[in-house]
Amino acid sequence: MAVKVRKLKIQLMEKIDQTDWMQVEKVERYINLIELFNSLDKDIKKHGTMIEVVNGSQQFNKPNPAIAEKVKISASLLSIEKSFEFDIEKETQHSASDLV
């Protein structure tokens, strides 16, 4: 199930200091990568994990290049996630009793 991009952006914007333009830019880049990731998912579902390549008289199957791109985007997303400086005051504080 894909996350609603608009809702994700709202959630991220609520967690950052919106006066810090670098943090706002990170959210924008993150959302852009999520949209690309979702687009690649659609492509993979449409064409499959293997694609047929025709080169002159040769015909062979190879992995869908969108899979490798998804791996690269996933790494970029994780990198941005690690760099977020979420506004701690806005985070919900939990106690040990919440676990019971």
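The values are calculated or read from the model by the stated rules, or taken from the named source; none is laboratory data. This is a predicted model, so every value here is computed, not measured. Cβ atoms come from the backbone with ideal geometry, glycine included; neighbour counts cover every protein chain shown.
Of the residues I16, I73, which single one is touching a Phe, Trp or Tyr at 6+ places or on another chain (Cβ under 7 Å) and modelled with pLDDT under 95? I'd like the intermediate steps shown before the answer.
Numbers: I73 fails: modelled with pLDDT under 95.
Of I16, I73, the one residue that is touching a Phe, Trp or Tyr at 6+ places or on another chain (Cβ under 7 Å) and modelled with pLDDT under 95 is I16.
Of everything in the stretch 19-66, what is β-branched (V, I, T), outside any strand (DSSP E or B) and either touching a residue at least 24 places away in the same chain (Cβ under 8 Å) or touching a Lys or Arg at 6+ places or on another chain (Cβ under 7 Å) (or both)? Give them in sequence order. Outline the logic, then answer.
Here is the first cut: in the stretch 19-66, the residues β-branched (V, I, T) are 19, 24, 27, 31, 34, 44, 49, 51, 53-54.
Checking the rest, the ones that are also outside any strand (DSSP E or B) come to 19, 24, 27, 31, 34, 44, 49.
Those that are β-branched (V, I, T), outside any strand (DSSP E or B) and either touching a residue at least 24 places away in the same chain (Cβ under 8 Å) or touching a Lys or Arg at 6+ places or on another chain (Cβ under 7 Å) (or both): V27, I31, I34, I44.
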